[in-house]
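Below you'll find the structure I mean.
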Amino acid sequence: MHATYADGTNAGPTDWTPFQEFNRAFSPDYPNGTIILTPESLKTLRDGEPATPVFHFYSGSTVTYQFTKSGSSVTGTAA
């Protein structure tokens, strides 16, 4: 996964690169077919600024999302 803000800066706990660490920023939930953003990742989001993560899969496909933190709530949609 790589994640950035609209201004091009990096979003996530690893702030020196847009590419975020597997199992530190996100992890798969294979039984449910979902991806979980870790509490550490959510904690580092800037309040009120949309972040755009792009998930890269071994198949070569990608999925782009946009999520925004507002206080202790995070909402998101597929872009």
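Derivation of every value follows stated rules applied to the coordinates shown; laboratory data play no part. If you're wondering where the values come from, they're calculated on a predicted model, not measured in any experiment. Virtual Cβ from ideal backbone geometry, glycine too; neighbours counted across all protein chains shown.
Which loop-located chymotrypsin sites (Phe, Trp or Tyr not before Pro) does segment 1-50 contain, where loop means any DSSP state but H, G, I, E or B and the Cβ has at most 10 other Cβ atoms within 10 Å?
In loop regions of segment 1-50 (DSSP not H, G, I, E or B), the sparsely surrounded chymotrypsin sites (Phe, Trp or Tyr not before Pro) are Trp16.
Return the distance in nm (one decimal) between the two label points of a simple spin-label model at Ala78 and Gln66, each offset 7 Å from Cα along Cα→Cβ.
Roughly 1.6 nm, to one decimal.
Let me ask something else. Test of the criteria: in segment 31-79, which chymotrypsin sites (Phe, Trp or Tyr not before Pro) are in a DSSP loop and have at most 11 other Cβ atoms within 10 angstrom of their Cβ?
Those satisfying the criteria are Phe57, Tyr58.
Per the helix-only calculation at 222 nm, which mean residue ellipticity applies to the chain, given -39500 (n - 2.57) for every DSSP H run of n ≥ 4 and division by its residues, nearest 500 deg cm²/dmol? Before the final figure, lay out the partial values.
Numbers: 1 runs with 5 residues, N = 79.
Taking each H run of at least 4 residues, the total per residue is -1000 deg cm²/dmol.
At q = 0.13, 0.15, 0.20, 0.24 Å⁻¹, work out log10 I(q)/I(0) for the chain with the Debye formula, treating every Cα as an identical point scatterer and leaving solvent out; two decimals please.
So the normalised log intensities are -0.35, -0.47, -0.86, -1.26.
Under a Cβ-only charge scheme (Lys and Arg +1, Asp and Glu -1), can you give me the dipole magnitude of the chain about the Cα centre, in debye to the nearest 20?
80 debye
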